[in-house]
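None of the figures in this text is laboratory data; all of them are computed from the coordinates on show. Because the structure is a prediction, the values reported are computed rather than measured. When we count neighbours, we look across all protein chains shown, and the Cβ atoms used for this are built from the backbone with ideal geometry, even at glycine.
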Amino acid sequence: MRVEDDDGVRTITFDRPNVMNAMNLQVARDLADAVAEADPVEHDAIVLTGDDPAFSAGGDIQAMKEREEGPREAYERVADTFNRAATELLNTDVPVVAKINGDCVGAGLAIVAASDLAYTVPDATFSCAFIRVGLVPDTGATFTLPRLVGLRTAKRLTMTGEFFDGEEAAEMGLVNEAVPEDELDETVDEMVGKLSRRPTRTVGMTKQAIHENLDNDWRKALDYENMLQVQAYMSEEHEEGVDAFLEGRNPDWD
């Protein structure tokens, strides 16, 4: 896995192209660490992508074959690797943009579902393929997918492991948009540029509020909004935003 920081953007690239960027345990740990170490003071966005020709083929099947462990060890392994990666993606205050340059399967699809925004090429192949090797979805997929694509579609995708393309992924809401291959970089760069012009810590609080309120009733939701809004009101980012508006200039949130 490559981690590169440039002009406030942390780019994380799955780089095992010989196995379609399949993720072993170390890759999952490295992903979790790279996301956890991103800082909203230093980073405006995280971009996830893969070395051509794939985004990620999911978990490394050969590594699965070679595992020898009991139930307790298996539980701790999943919690410390793929599910920790999902936890960091869902928790980070730095917005995460998935740039899906090719096939996106299993845990790769779940990583996309845990990202904040996602853009794909139309002919990328997607599958929530866990069921194809006799596994239950992990990496947060049972939480994120129903909220993105709806309950019945999520059940269909996870219970069948069917394949679909980038256009279908966009239609069902798994990704924001499917764009031609020669426009993917530009599209993601444009979105990252928009995010970089926003107050990153406030973006993080907005993400916190949305995630926290997925399961709250409306009374708790309003109370949580209120709590975060008080923090926002007291922030330098809010003060700068108000001053910039009244002075007719662009805010300086760097």
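Taking Cα atoms, how many degrees apart are the long axis of helix 82-91 and the longest axis of the chain, rounded to 10 and kept between 0 and 90? Helix 82-91 sits roughly 10 degrees off the main axis of the chain.
The Cα trace of the chain gives Rg and Dmax of 18.8, 65 Å, the first to one decimal, the second as a whole number.
Take the Kirkwood radius over Cα pairs of region 1-114, plug it into Stokes-Einstein at 20 °C and 1.002 mPa s, and you get 151 µm²/s for translational diffusion. Taking each DSSP H run with n ≥ 4 as -39500 (n - 2.57) and averaging over every residue of the chain yields -15000 deg cm²/dmol at 222 nm. Placing dummy labels 7 Å off each Cα toward the beta-carbon, the span from LEU214 to LYS194 is 2.2 nm.
Between ALA74 and ASP15, the modelled label-to-label distance comes to 3.4 nm, taking each label 7 Å out from Cα in the direction of the beta carbon. Here region 180-231 and region 88-115 have alpha carbon centers that stand 15 Å from each other.
Taking a point 7 Å out from the Cα of GLU240 in the direction of its Cβ, the residues of region 77-113 whose backbone N falls within less than 20 Å of it are 93-96. For the chain, the longest principal axis of the C-alpha atoms and the axis of helix 25-36 are separated by about 0°. The packing ranking, built from the mean of other Cβ atoms within 10 Å per residue, places the peptides 37-45, 89-97 in the order 89-97, 37-45, highest first.
In summary, the lysines within cross-link reach of LYS194, defined as a Cα separation below 20 angstrom excluding same-chain residues under 8 places away, comprise LYS99, LYS207. Across all directions, the average projected area of the convex hull around the alpha carbons of region 129-184 is 4.2 nm².
Against the empirical curve 2.2 N^0.38 Å, the C-alpha radius of gyration of region 137-254 lands at a ratio of 1.39. Relative protection proxy for 67-80, 10-23, 118-131, from highest mean packing down: 118-131, 10-23, 67-80 (other beta-carbon atoms within 10 angstrom).
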